[in-house]
Amino acid sequence: MTTDRRWSRLFYAAILLLVLLHSNVVVYCKTLKRDVKALNEIKASLGWRVVYAWVGEDPCGEGDLPPWTGVTCSRSTVGDYKVVTELEVYAVSIVGPFPTAVTNLLDLTRLDLHNNKLTGPIPPQIERLKRLKILNLRWNKLQDAIPPEIGELKQLTHLHLSFNNFKGEIPKELANLPELRYLQLHENRFTGRIPPELGTLQNLRHMDVGNNHLVGTIRELIKIEGCFPALRNLYLNNNYLTGGIPSQLANLTNLEILYLSYNKMSGIVPSSLAHIPKLTYLYLDHNQFSGRIPDAFYKHPFLKEMYIEGNSFRQGVNPIGVHKVLELSDMDFVV
């Protein structure tokens, strides 16, 4: 074999070795110790025992072991290691307090623990999850007040806390979430008034605070000029709201669903409401409204359903459509 051919083979062998070494670095880069520790703490805590068959020490997978079920990892942008970016452990009857160790997963963008049996409060350390976009804790047994520290999660787009036992007032700090699109707080024990500061949220599309113990008026809620510019769905049903429907509510020109059922509201229904271009569902039932319904509502091109039972409207006032319980599926909240 000539010297040139020998050197050529050695050169290509060296290149192949470098490629293999580089591939191994990509495939087998370690998981950040902080995240490994946090998830192993959760794994060892009461109620989280092998519910998802978490095998091995590394939640992002090691060797031939895959990542733990419900755990999504990504390559760090600042170092040669992996970090946990999503934790989805839902509908497995996890019992116990909210796992504070979760707040050490500083790269989380999605935290979904819905439909379990978590108890106690959301810890104030939740503010550490600065990259969080989706927080879904609905259908648990969480309680106490929502910590105002949630207002520090500036990238949050979805906040789902419905079907729990939260109490106290809705914190006005939620108005500090500039990217928030979906706010679901229904079926809790909130009291007091809905913070009008929420109207400053420029991207809020859906707000559901129904089935609580809230008081106040719609006029107070929309008192900030130019409020709720992107709001499509407004659920205020099953509370203790009083007063009338102000004509200024028609300034929420993107409204499609307005749900006012089962409150203590009164007065007439303003004709301006019929000029909201895409109003589709209007629920006024079981209040104390009176007078007549303006003809414009019956000529509205998009209005499919207007439910009016349980009020004091004049005889001959008719509903529109056939009333049904309006429920939205999870797909309605996909980004």
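The values are calculated or read from the model by the stated rules, or taken from the named source; none is laboratory data. Computed from a prediction, not measured in an experiment: that's the story for all the values here. Every residue, glycine among them, receives a Cβ derived from its backbone with ideal geometry; neighbour counts consider all protein chains shown. To get the accessible areas, we keep the full protein, side chains included, count just its heavy atoms, and leave off ligands, DNA and RNA. Shrake-Rupley method; radii C 1.70, N 1.55, O 1.52, S 1.80 Å.
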Item to complete: Could you look through the stretch 242-255, keep only residues that are assigned to a loop (DSSP other than H, G, I, E, B) and among the hydroxyl-bearing types (Ser, Thr, Tyr), and pick out the one that is nearest to Leu214 (Cα to Cα)?
Response: Thr242
Worksheet item: Here are some residues: Val27, Val95, Val83. Which one is modelled with pLDDT of 95 or more and over 21 Å from the mean Cα position of the chain (by Cα)?
Response: Val83
Worksheet entry | Within the stretch 141-151, tally of residues that are within 17 Å of Thr100 (Cα to Cα) and surrounded by fewer than 22 Cβ atoms within 10 Å (Cβ to Cβ) | 7
Worksheet item: Just checking, which of Arg232, Arg189, Arg193 is open to solvent by 60 Å² or more (accessible area, probe 1.4 Å), closer than 22 Å to Gly151 by Cα and under 20 Å from the mean Cα position of the chain (by Cα)?
Response: Arg189
Item to complete: Output the residues belonging to the stretch 85-113 that are within 17 Å of Arg34 (Cβ to Cβ) and in contact with a Ser or Thr (Cβ under 7 Å, 6 or more places away or on another chain).
Response: Thr85, Glu86, Pro99, Asp107, Leu108, Thr109
Worksheet item: Which one is farthest from Tyr90 (Cα to Cα), of the residues in the stretch 165-176 that are open to solvent by less than 10 Å² (accessible area, probe 1.4 Å) and in contact with an Asp or Glu (Cβ under 9 Å, 6 or more places away or on another chain)?
Response: Leu174
Fill in: Residue list for the stretch 60-104, filter: in a strand (DSSP E or B) and open to solvent by less than 60 Å² (accessible area, probe 1.4 Å)
Val71, Thr72, Cys73, Ser74, Lys82, Val83, Val84, Thr85, Glu86, Leu87, Glu88, Gly96
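Taking the stated definitions as given, is Leu258 surrounded by 21 or more Cβ atoms within 10 Å (Cβ to Cβ) and part of a helix (DSSP H, G or I)?
On the way: surrounded by 21 or more Cβ atoms within 10 Å (Cβ to Cβ): yes; part of a helix (DSSP H, G or I): no.
In short, no.
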Worksheet entry | Restricting the stretch 302-316 to residues that are more than 25 Å from Leu204 (Cα to Cα) and surrounded by fewer than 16 Cβ atoms within 10 Å (Cβ to Cβ), the residue that is modelled with the lowest pLDDT | Gly316
Discussion item. It is to be established whether one or more residues within the stretch 50-59 are part of a strand (DSSP E or B) and under 28 Å from Asn165 (Cβ atoms).
Written reply: no
Fill in: Criterion: over 18 Å from the mean Cα position of the chain (by Cα) and either touching a residue at least 12 places away in the same chain (Cβ under 8 Å) or open to solvent by less than 30 Å² (accessible area, probe 1.4 Å) (or both) - qualifying residue of His213, His206
His213
Response to the item:
For strands (runs of 3 or more DSSP E) lying entirely in the stretch 120-233, having 2 or more residues that are closer than 25 Å to Gly244 by Cα picks out 182-184, 189-193, 206-208, 213-215
